[in-house]
């Protein structure tokens with residue numbers, strides 16, 4: 001087991017990474033301050049891991065609520081299911097919520113914890129690669145709105161994160177690839193040596209080599225933890241973590257939540273950012289090619305849905321959280337490992353990028 005720390009002063013918390021961590025009560029006992037525990041999971045994860053998670057909280061008043069699975073259910077209506085369970089069973093202000101699942105479960109549980117009685121503790125137990133390397137760390141929580149992804153939410157840090165790499169054994173190939181998009185993101189935005197390592201080890205990652213996956217998770221969490229510790233509320237450099245996300249969120253919203261996985265949309269978004277960066281004279285053609293090649297090797301799409309026209313993209317991107325004074329801010333690239341947040345780009349070149357990159361029908365969330 002490797003343990004990293006998100007350094008946020010008296011709110012610092014550990015990230016435990018390793019195989020066979022589910023069921024280890026010693027990892028959570030110091031992070032539960034009351035007697036009441038509510039595990040939030042979904043209908044896919046519950047049959048696989050709920051019993052093991054419940055065993056971690058033996059001796060507590062531990063109950064569970066099982067949500068429907070999928071991005072389409074990440075909304076306020078389904079979130080009320082969690083509040084209904086907490087209120088009906090008399091959960092108090094010193095209770096602890098536990099997120100057992102992927103990014104959707106983690107985001108919703110964290111948001112419920114941020115809101116319930118104005119804020120209660122929660123623990124992250126991510127079960128997908130994407131949630132282990134990204135969404136479980138950093139305290140971003142929330143739900144989607146029909147007009148925009150993650151537009152309703154709060155910053156609320158977990159008490160600890162327990163990433164059991166054994167849960168990846170039951171992960172579908174498509175979900176594994178989606179998680180690799182976020183792994184590639186860390187190399188692109190600020191860790192060029194890690195990007196090079198990914199180029200050398202992508203085949204091992206796709207074959208689920210346990211040592212390669214463990215290293216990729218650890219390195220990703222190290223990179224994210226350092227950024228979050230420096231800028232918890234995204235007033236500066238934390239915005240770099242949104243590389244590919246403004247484009248990607250537009251894809252997810254435009255084709256309907258769940259039709260493309262988050263990581264698939266982010267993969268295309270990173271390529272669009274690289275393309276625009278090249279058009280601006282910042283990123284060289286060789287680095288753009290390396291980026292596209294690595295994303296394709298991860299089994300991810302390289303073009304956006306054909307029905308998302310450039311104008312539709314612009315309409316959707318205009319609702320992004322990073323819009324300031326009506327100007328869309330984007331995370332762009334100077335080179336592999338060098339990124340920046342800027343609104344200083346040529347809108348004509350942006351439109352050219354949007355026109356160039358829509359080519360796949362929306363039901364094809366993968367390379368063909």
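The values are calculated or read from the model by the stated rules, or taken from the named source; none is laboratory data. Being a predicted model, the structure only gives us computed values, none of them experimental. Counting neighbours? That spans all protein chains shown, and the Cβs are built from the backbone with ideal geometry, glycine included.
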- Task: Please specify each residue of the stretch 1-11 satisfying the condition of being in contact (Cβ under 8 Å) with a residue 24 or more places away in the chain and either within 13 Å of residue 167 (Cβ to Cβ) or in a loop (DSSP other than H, G, I, E, B) (or both).
- Result: 7, 8
- Given 117, 124, which one is closer than 19 Å to residue 48 by Cβ, touching a residue at least 12 places away in the same chain (Cβ under 8 Å), not assigned by TED's automatic domain parsing to the domain that holds residue 332 and not in a loop (DSSP other than H, G, I, E, B)? 124
- Hand me the list of helices (runs of 4 or more DSSP H) wholly inside the stretch 178-297 holding 2 or more residues that are modelled with pLDDT under 95. 210-230, 245-255
- Item | Pick from the stretch 194-209, criterion within 25 Å of residue 275 (Cβ to Cβ) and without any contact (Cβ under 8 Å) to a residue 12 or more places away in the chain, ranking: surrounded by the most Cβ atoms within 10 Å (Cβ to Cβ) | 196
- Item | Residues located in the stretch 210-224, provided they are surrounded by fewer than 22 Cβ atoms within 10 Å (Cβ to Cβ) and in contact with a strand residue (DSSP E or B) (Cβ under 8 Å, 6 or more places away or on another chain) | 214, 218, 222
- Message: Yes or no: the stretch 118-125 includes at least one residue that is on the phi < 0 side of the Ramachandran plot and surrounded by fewer than 23 Cβ atoms within 10 Å (Cβ to Cβ).
- Response: yes
- Query: Between residues in the stretch 210-227 that are on the phi < 0 side of the Ramachandran plot and assigned by TED's automatic domain parsing to the domain that holds residue 190 and residues that are crowded, with 24+ Cβ neighbours inside 10 Å and part of a helix (DSSP H, G or I), which pairs lie under 6 Å by C-beta distance while being six or more apart or on different chains?
  - Reply: 216/183; 217/132; 217/133; 220/133; 220/183; 220/186; 223/186
- Could you grab me the full set of residues in the stretch 308-356 that are part of a helix (DSSP H, G or I) and surrounded by fewer than 19 Cβ atoms within 10 Å (Cβ to Cβ)? 310, 311, 312, 314, 315, 347, 348, 349, 351, 352, 355, 356
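Considering each residue of the stretch 297-312, count those that are closer than 24 Å to residue 179 by Cα and in contact with a helix residue (DSSP H, G or I) (Cβ under 9 Å, 6 or more places away or on another chain), and give that number.
Total meeting the criteria: 10.
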- Task: Tell me, yes or no, whether the stretch 330-337 has at least one residue that is in contact with a helix residue (DSSP H, G or I) (Cβ under 8 Å, 6 or more places away or on another chain), under 23 Å from residue 255 (Cβ atoms) and in the same structural domain as residue 263 (by TED's automatic domain parsing).
- Result: yes
